1. In the range B:84-100, which residues are within 13 Å of chain A (Cβ to nearest Cβ) and in contact (Cβ under 8 Å) with a residue 12 or more places away in the chain?
2. Just one of A:R104, A:R108 is in contact with a Gly (Cβ under 8 Å, 6 or more places away or on another chain) and closer than 27 Å to A:L31 by Cβ; which is it?
3. Give B:A179, B:A238 a once-over and let me know the one that is out of contact with any strand residue (DSSP E or B) (no Cβ under 7 Å at 6 or more places or on another chain), at negative phi and in contact (Cβ under 8 Å) with a residue 40 or more places away in the chain.
4. Could you grab me the full set of residues in the range B:129-144 that are more than 9 Å from chain A (Cβ to nearest Cβ) and either closer than 25 Å to A:G240 by Cβ or in contact with a Ser or Thr (Cβ under 8 Å, 6 or more places away or on another chain) (or both)?
5. Out of the residues in the range B:101-121 that are without any contact (Cβ under 8 Å) to a residue 40 or more places away in the chain and surrounded by fewer than 19 Cβ atoms within 10 Å (Cβ to Cβ), which is nearest to the other protein chains (Cβ to nearest Cβ)?
6. Can you tell me which residues in the range B:50-63 are under 20 Å from B:C78 (Cα atoms) and either at pLDDT below 95 or surrounded by fewer than 24 Cβ atoms within 10 Å (Cβ to Cβ) (or both)?
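The values are calculated or read from the model by the stated rules, or taken from the named source; none is laboratory data. What you see is a predicted model, and the numbers here were worked out from it, not measured in a lab. Methodologically, a virtual Cβ is constructed for each residue, glycine included, from the backbone with ideal geometry; neighbour enumeration extends over all protein chains shown.
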Protein chains: 2
Amino acid sequence: MPTIRLHIAYDGTNYHGWQIQARDRSIEGELTAALTRILDADEAIKVQGASRTDSGVHARGQVAHFRHDTDRTIWDFCRGLNGLTDDDICIVRAEVADDAFHARHSARGKRYRYRIWNHRFVHPFERHRCWHVCGTLDQELMASVARQFVGEHDFAGFRSVHCSSPTTVRCMKRVEVVADTDEPFVDVIVEGDAFLQHMVRVMVGTIVEIGLGRLDASRVHQVLETGDRRLAGRTAPAQGLTLCEVRYPEFDWEGDEPNIGGFYDAASTPITCY
Amino acid sequence: MPTIRLHIAYDGTNYHGWQIQARDRSIEGELTAALTRILDADEAIKVQGASRTDSGVHARGQVAHFRHDTDRTIWDFCRGLNGLTDDDICIVRAEVADDAFHARHSARGKRYRYRIWNHRFVHPFERHRCWHVCGTLDQELMASVARQFVGEHDFAGFRSVHCSSPTTVRCMKRVEVVADTDEPFVDVIVEGDAFLQHMVRVMVGTIVEIGLGRLDASRVHQVLETGDRRLAGRTAPAQGLTLCEVRYPEFDWEGDEPNIGGFYDAASTPITCY
């Protein structure tokens, strides 16, 4: 029963997140419906995603897998899924994976970008893809605060109150504040082994409140020590967040067939932001 | 009666163009309604734009003016207009202009960018801001064809059949094909003194059809010679077009007051793409 791995980009604005919902539109729901139709299956085909992105969160490098027992080719899935979903979902790549591959369990790390638009007025083109922050941000302070997250910590205070994960220790490889040189965008790049619910958004909310002078810089350390969510900043809005990349220990590249090409650089790493 | 000059950016997706309409939403209509409310005027305030952008066309550097006889400040207009219009319209800058200033008549040139997404699948994030062209484009040929437009020509064959302009000779300063180095975007930059209705879009449609091998490269010369619209290519879709800049002979800079700052570089030229 071949396993197919999909690399997916989507504008999350019009979806209630990745996870399938009873009534609302979701990315998983759209892909499941399309696949079930392509495979002419009696039962819904399970599409397993690497990350359950929240409502309104975007992705440039989401990864998912499914299994099937038909003679459909990789191209059938690529063309079919892109044809049957709306233009705000794009299957960037599809390929045959090892039978052992599991989009979520095999993942070794993820990289997110959180984008802030630091200007008096809303950006007319990027309004759905960033958090509009008006006040003056102390970017140097934000950068130094961000570095405190790097390494292994208990992130119990940096997650949603609804998060049910039994473990809260996670390892961050990179938490960096990057300012655009031309425009007033400020990006927070977060890369780590795994994430708790809303974790990136609470981290960014806290970094921004410190940057605005509303919270003291010592708060990050305090929250990491106490695990008290109430001491951290607000949860930054979903629309600023993009899942850029999911990392796996290694890939079996399938050569020409699955590579749709052009959309991203496939030469160096399996999944790259475009 | 002070004259106020506005620099405006907008995402044209949800509007029926610049020009005010009886029923449909337009940029001019939204600004007129907002200004009339800010000035508490009995009659609608006329907002004169530099360019009547088509339905679905975007702007980063549209310029407009209006006159008023109140004691409202530049900041009242800036805050008021940004507050009363939707987030897809942004007043980037406002300033007091010479009484003789007229956004349309004083303009000496305009620069447009037409963006093509040359890829097999639709771009999930830029889908409303480019023309999705699937086939292989001969970009070198396109670049050489584009150069034929530079200089003074009769553009009678490169306009809408509904265009009512009595003169059709225009002067193009720059028509250039620029490929993105990272992603499969191909931009056509067009700069000239003035433009006929749909002129940039018919030029781009012709350049693209030549790039796809559907029209011979000699067509541009033929259409410029004969003025026969039927020999030119299709009108490229509106959504790929952005008005980047309107040029004026000179500006009286008003110093701190009107400069909202940060959104674009005001140091060198009056209006710059951000």
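1. Applying the first criterion (within 13 Å of chain A (Cβ to nearest Cβ)) to the range B:84-100 yields B:84-94.
Within the range B:84-100, B:L84, B:T85, B:D86, B:D88, B:I89, B:C90, B:I91, B:V92, B:R93, B:A94 qualify.
2. On the way: A:R108 fails: in contact with a Gly (Cβ under 8 Å, 6 or more places away or on another chain).
Checking each option against the conditions leaves just A:R104.
3. The unique qualifying residue is B:A238.
4. If the condition is that a residue be more than 9 Å from chain A (Cβ to nearest Cβ) and either closer than 25 Å to A:G240 by Cβ or in contact with a Ser or Thr (Cβ under 8 Å, 6 or more places away or on another chain) (or both), then B:C130 is the only one that fits.
5. First, pick out the residues of the range B:101-121 that are without any contact (Cβ under 8 Å) to a residue 40 or more places away in the chain: B:105, B:120-121.
Filter once more, keeping what is surrounded by fewer than 19 Cβ atoms within 10 Å (Cβ to Cβ): B:105, B:120.
On the way: B:H105: 26, B:R120: 6 Å.
If we take residues in the range B:101-121 being without any contact (Cβ under 8 Å) to a residue 40 or more places away in the chain and surrounded by fewer than 19 Cβ atoms within 10 Å (Cβ to Cβ), then B:R120 is nearest to the other protein chains (Cβ to nearest Cβ).
6. B:R60, B:G61
Conditions (1) modelled with pLDDT under 95; (2) in contact with a helix residue (DSSP H, G or I) (Cβ under 9 Å, 6 or more places away or on another chain); (3) farther than 24 Å from B:T242 by Cβ, marked per residue:
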site	(1), (2), (3)
B:F195	no, no, no
B:M203	no, yes, no
B:L212	no, no, no
B:D216	no, yes, yes
B:Q222	no, yes, yes
B:E225	no, no, yes
B:D228	no, yes, yes
